[in-house]
1. Could you tell me how many of the residues in segment 97-106 are part of a strand (DSSP E or B) and more than 20 Å from residue 33 (Cβ to Cβ)?
2. Scan segment 22-44 and tell me whether some residue there is on the phi > 0 side of the Ramachandran plot, surrounded by 17 or more Cβ atoms within 10 Å (Cβ to Cβ) and without any contact (Cβ under 8 Å) to a residue 60 or more places away in the chain.
3. State all residues of segment 70-86 that are surrounded by 14 or more Cβ atoms within 10 Å (Cβ to Cβ) and not in a loop (DSSP other than H, G, I, E, B); if no residue qualifies, say none.
4. In segment 82-96, which residue that is within 11 Å of the ligand (Cβ to nearest atom) and either in contact (Cβ under 8 Å) with a residue 40 or more places away in the chain or more than 21 Å from the chain's Cα centre (by Cα) (or both) is nearest to residue 10 (Cα to Cα)?
5. For segment 43-60: of the residues being part of a strand (DSSP E or B) and modelled with pLDDT under 90, which is nearest to residue 73 (Cα to Cα)?
6. Which is touching a helix residue (DSSP H, G or I) at 6+ places or on another chain (Cβ under 7 Å) and closer than 17 Å to residue 16 by Cβ, of 38, 76, 70, 86?
7. Applying the selection to segment 45-63, what residues are closer than 23 Å to residue 15 by Cα and surrounded by 11 or more Cβ atoms within 10 Å (Cβ to Cβ)?
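The values are calculated or read from the model by the stated rules, or taken from the named source; none is laboratory data. Given the structure is predicted, the values throughout are model-derived calculations rather than measurements. We place every Cβ from the backbone using ideal geometry, glycine too, and count neighbours over all the protein chains shown.
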Ligand SMILES: [Zn+2]
């Protein structure tokens with residue numbers, strides 16, 4: 001696993017395989033290659049209390065997205081709509097991502 005490229009890109013739809021949001025589908029809003037994790041839109045966010053900066057101001061509660069390990073999500077193929085393993089097809093100088101279930105370029 002170490003050293004292998006992350007096969008998920010920003011904007012991909014993924015299915016969560018484990019944790020409290022298991023079974024849900026969301027779009028990837030960020031990929032963090034250094035920690036091999038991804039941030040999903042609307043999922044795994046935690047509430048954070050922001051302290052007031054000045055006296056008299058109110059603190060705020062904001063939702064902060066938390067990254068999860070890329071191994072805990074699976075790409076959902078746009079073509080067949082199923083969670084699928086990703087393969088690569090090399091065609092001369094171009095390398096395209098393919099769905100291993102239906103063979104479509106994704
Ligand atoms: Zn497919």
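1. Residues in segment 97-106 being part of a strand (DSSP E or B) and more than 20 Å from residue 33 (Cβ to Cβ): 3 in total.
2. Within segment 22-44, one or more residues are on the phi > 0 side of the Ramachandran plot, surrounded by 17 or more Cβ atoms within 10 Å (Cβ to Cβ) and without any contact (Cβ under 8 Å) to a residue 60 or more places away in the chain.
3. Listed by number, the residues that qualify are 70, 72, 73, 74, 75, 76, 83, 86.
4. Among those residues, the one meeting the criterion is 86.
5. 45
6. 38
7. Passing the criteria: only 45.
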